[in-house]
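Student: Here it is, the structure in full.
Every number here is computed from the coordinates shown, using simple stated rules; none is lab data. These figures come from a predicted structure and were not determined experimentally. Counting neighbours? That spans all protein chains shown, and the Cβs are built from the backbone with ideal geometry, glycine included.
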Amino acid sequence: MRGTTDGYAEPITYGQTLAERIIWFAAGILLTLLAFRFVLSLLGANRGNGFANFIYDASHPFIAPFFNLFNYNIVDYGVARVEIYTLFAMAVYAFVAWILAELVTIGRRDY
């Protein structure tokens, strides 16, 4: 009966909670990767550096759908670049993660 006073058992939501945690964990890793890319690009990181190259290569498949989304050139300040499409991708992926987490937990009652 898991602590209920009305005699009805609460539905077990462990699977829903686990799925929600996995979704947010994966989204956190992806958003961190994209944030690293944005900061490295903003600071003009050298692509010849191993760490910067890894971040750019690992994040490329996730931001490729957002290339040329806006009709303007990337704002360059010397070697620094402001990648607006990376910020937009981060917002889209955070929204998608939120929607998926909500879909997984539909019907769960939080008391």
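Student: Taking a ≥ b ≥ c as the square roots of the Cα gyration tensor eigenvalues, with a/c under 1.5 meaning rounded and otherwise prolate when a/b beats b/c, else oblate, which class fits region 33-107?
Tutor: prolate
Student: Now, a different point. Excluding ARG37 itself, what net charge comes from residues whose Cβ is under 13 Å from its Cβ, given Lys and Arg +1 and Asp and Glu -1?
Tutor: That works out to 0.
Student: So how do 98-104, 88-94 stack up, highest first, on mean other-Cβ count within 10 Å?
Tutor: Put in order of decreasing packing, that is 88-94, 98-104.
Student: What residues have an amide H closer than 5 Å to that of ALA80, excluding those fewer than 5 places away on the same chain, when H is modeled at 1.01 Å from N in the peptide plane?
Tutor: none
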